[in-house]
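This report refers to the structure that appears directly beneath it.
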Amino acid sequence: MTSKKSKILILGFGTVGQGFFDLFSRKRDMLGLNNVTISEIVDMKFGHIVDPKPDILKEIANGKTFPQKDVISAIKESDADIVCEFTWLNLKTAEPAYSHVKTALELGKHVITTNKGPSALKFKELTELANKRGVKFLMKGTVMAGTPSFNLLDLLPGAEVKSVRGIMNGTTNYILTSMEQGKDFSVALKEAQELGYAEADPTNDVDGFDAASKITIISHILGWKHEFSDVKIEGIRKVTPEQAKEKTKLIAYSDKSTIYVKPSRLPKEDILSGVSGVMNAIEIETDTMGKIYAMGPGAGKIQTAQAALTDLMKIVKG
Ligand code: HSE
């Protein structure tokens, strides 16, 4: 059991927030987190929920709502020491998540986020702020959900990363895999939308911005100097079914001096060429281990909640 009592404030109670509440509640005893509680939730639709009951997911599914509360005031007035930021993605200004994270860190609260906005666009500023306040700013869920990715490096002390390469967007990998069977891009995209993988506005995925934000976050974590605006981005709209058949994948790549996202034809021997459907995969090349790989889901309700739980364990177990 953890000795220190911790309280969690959840911001945003959509798919990820609800997934986290569910997973945390189910795994809490097993993980010895009896001293950790979800004490508050704030959501634009459901309102401000204080001391949520175990059946809160049923209550909101049945239409129950709570008094509205401005998110920034909720952060300021909360006695929670951990804030989970699960609100929506904005890859232009990172708002409102950026202000949420900044406010929480300024108040000396740990922050866990699955939001690529503040993680990709404001990493340096927010990490410096967290360091200054002696708290953690963690974002595992931004890259490949709960599937180990950059956090593999926690297991390799001293390993120096030479390069990172991966398939970090499930929607485009699903589309390219469908196109291998001869379907046109537009037909495969429609299929991905019908299955709920691609958004109604698929730009972030198909034009490469989502993958670009992820490789930027990895590059930030590795201490490389690339910014999101430095990433050379090419999406998959121009890929033909013939190219897809030849194992063209949307590859995100970075080393110390280069960063890009582009469709790349992979030789058969390349492990990444065998990654199909919505799966994600990463290759990390290090000085001590050569190339290591991880493959798994990069999205999903419980899969993303797993990432937040991974971050929570880092905070409460030190
Ligand atoms: N839209 C992303 C993908 C999932 O298709 O991989 C969230 O990062």
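The values are calculated or read from the model by the stated rules, or taken from the named source; none is laboratory data. Computed from a predicted model, the values in this text were never measured in an experiment. Virtual Cβ from ideal backbone geometry, glycine too; neighbours counted across all protein chains shown.
Give me the residue from region 169-198 that is touching an Asp or Glu at 6+ places or on another chain (Cβ under 7 Å) and within 13 Å of the ligand (Cβ to nearest atom) and, out of that set, nearest to Thr240 (Cα to Cα). Only one residue tops the list, namely Thr172.
Being of a type outside the set (A, V, I, L, M, F, W, C) and touching a Gly at 6+ places or on another chain (Cβ under 9 Å) is the filter; apply it to region 264-286 and report the residue that is surrounded by the fewest Cβ atoms within 10 Å (Cβ to Cβ). Steps first, answer last, please.
So the first thing to find is which residues in region 264-286 are of a type outside the set (A, V, I, L, M, F, W, C), and the list is 264-265, 267-270, 273-274, 276-277, 280, 283, 285-286.
With the extra rule that they be touching a Gly at 6+ places or on another chain (Cβ under 9 Å), the set shrinks to 268, 277, 280, 283.
Working: Lys268: 8, Gly277: 12, Asn280: 25, Glu283: 19.
Here the residue is Lys268.
Comparison of Lys262, Lys268, Lys301, Lys232 shows that the only residue that is without any contact (Cβ under 8 Å) to a residue 60 or more places away in the chain and either among the polar types (S, T, N, Q) or over 16 Å from Met168 (Cβ atoms) (or both) is Lys268.
Taking region 121-210 and the helices (runs of 4 or more DSSP H) fully enclosed by it, the elements with 2 or more residues that are in the same structural domain as Lys102 (by TED's automatic domain parsing) and either surrounded by 15 or more Cβ atoms within 10 Å (Cβ to Cβ) or touching a residue at least 24 places away in the same chain (Cβ under 8 Å) (or both) are at 123-133. Total residues in region 260-305 satisfying the condition of being at pLDDT 95 or above, part of a loop (DSSP other than H, G, I, E, B) and at positive phi: the figure is 1. In region 265-289, which residues are farther than 17 Å from Ile217 by Cα and either touching a helix residue (DSSP H, G or I) at 6+ places or on another chain (Cβ under 9 Å) or within 16 Å of the ligand (Cβ to nearest atom) (or both)? Selection gives Arg265, Leu266, Pro267, Lys268, Leu272, Val275, Ser276, Gly277, Val278, Met279, Thr286. Residues that are of a type outside the set (Asp, Glu) and touching an Asp or Glu at 6+ places or on another chain (Cβ under 8 Å) within region 199-210 comprise Asn204, Gly208, listed in sequence order.
Among the candidates Ile315, Ile259, Ile218, Ile292, the residue that is more than 16 Å from the ligand (Cβ to nearest atom) and closer than 30 Å to Asp22 by Cα is uniquely Ile315. Within region 112-135, the set of residues being in contact with a strand residue (DSSP E or B) (Cβ under 9 Å, 6 or more places away or on another chain) and closer than 24 Å to Phe209 by Cα comprises Ile112, Thr113, Thr114, Asn115, Pro118, Ser119, Phe123, Leu126, Thr127.
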